[in-house]
Each structure stands twice: as structure tokens, then as C-alpha cells.
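Chemist: Sharing a structure here in C-alpha cells format.
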Amino acid sequence: MDDEAADQAWPTAAGDPIVDEAPAEQPVDDEPEPARQLDWWHRDHPTFFALTGFFSGLVLAAVLPAIFFGVLRAVWDDRVAEEAFPFVLIFLALPISLIVFPRTRRFGGYLLFGMLVTLFVVFGVGTFVFWLMLNSST
């Protein structure tokens, strides 16, 4: 460190009228604060419904049937689990019921879109891989 810089006094806030003022007393509220409303991002942002709906549809189409079948196999034997697996189609009623009500119509549409795109991609890639396997064996 430079000797000249070390000898210089640092400016202090003593005597500064802004710092010397005592902070204003704030009233103490014993009442709990009201529940905070959701920000505009969660209510009205155009991308929020699209992203959450699409990825919820992806989860509904890809992950939920696997979890459903895993729970069925954990609880019952294989035969009963295989017979009860078609009940996973009940989950298709979720986006349809969301589309019916006006308040959730946009989210339900994106949810259904996410499900359909996921199923299209999974079956499309599966069909393409199956076709490649058949043609490579000859």
C-alpha cells in the first residue's frame, strides 16, 4: 500500500445530516400479512400456460402410465395388474374436462397438445427404429 494513501483520512459519515437522522419509527403490526397474490407471471403471462400445460401433458402421457403400472404391479400380481392397466385411459379425461370449463380452457388445450405431441414423437421414433431394424437385417 502506498504510504501517502495510508496517511490520508477516510471520509466518515459523522456530521452527515442524512446519516445522523434517526430512522423513522415504523408501527408494529401484530396482524398477520394477508396472503400474497400471485404475480402477473403466474396469472396472465402468455408463455406460462403454454409451458406448464405442454410439459404437464408430457408427464401425463409418458410418466403417469409407468407410475400407474408400477403401483398396480406392486399391489397385485401380474395378471391383475395387466387386466387393470387399461384404466390408465381415465387420465385422458383430465385434459378433456379442463377444456370444457372456460377458466381452464387454454391450459387444457396445451395439456392435450403436450400429450398428443409426446405420443406422436414416441410412436414415430419407435416406428422408425423398428423399420431401421427390419431393413438392416436383410
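Chemist: Taking all pairs of distinct Cα atoms, average 1/r, flip it, and tell me the Kirkwood hydrodynamic radius of region 46-138 in Å to one decimal place.
Modeler: Kirkwood hydrodynamic radius for region 46-138: 15.0 Å.
Chemist: While we're on this one: Ratio of region 71-121's C-alpha Rg to 2.2 N^0.38 Å, to two decimals?
Modeler: 1.49
Chemist: Count the net charge of all other residues whose Cβ sits under 12 Å from the Cβ of Leu98, scoring Lys and Arg as +1 and Asp and Glu as -1.
Modeler: Computed value for this residue: +3.
Chemist: For a protection proxy built on the mean count of beta-carbon atoms within 10 angstrom, sort 93-103, 126-136 highest first, please.
Modeler: Peptide ranking by packing, descending: 93-103, 126-136.
Chemist: Moving to a separate point now. With each label point set 7 Å from Cα along the Cα-Cβ vector, what nm distance links Phe113 and Ala84?
Modeler: 3.6
The numbers here are math on the coordinates, done by the rules we state, and not lab data. Nothing here was measured: the structure is a model prediction, and the numbers come from that model. Glycine also receives a Cβ, built like all others from the backbone with ideal geometry; neighbour counts cover every protein chain displayed.
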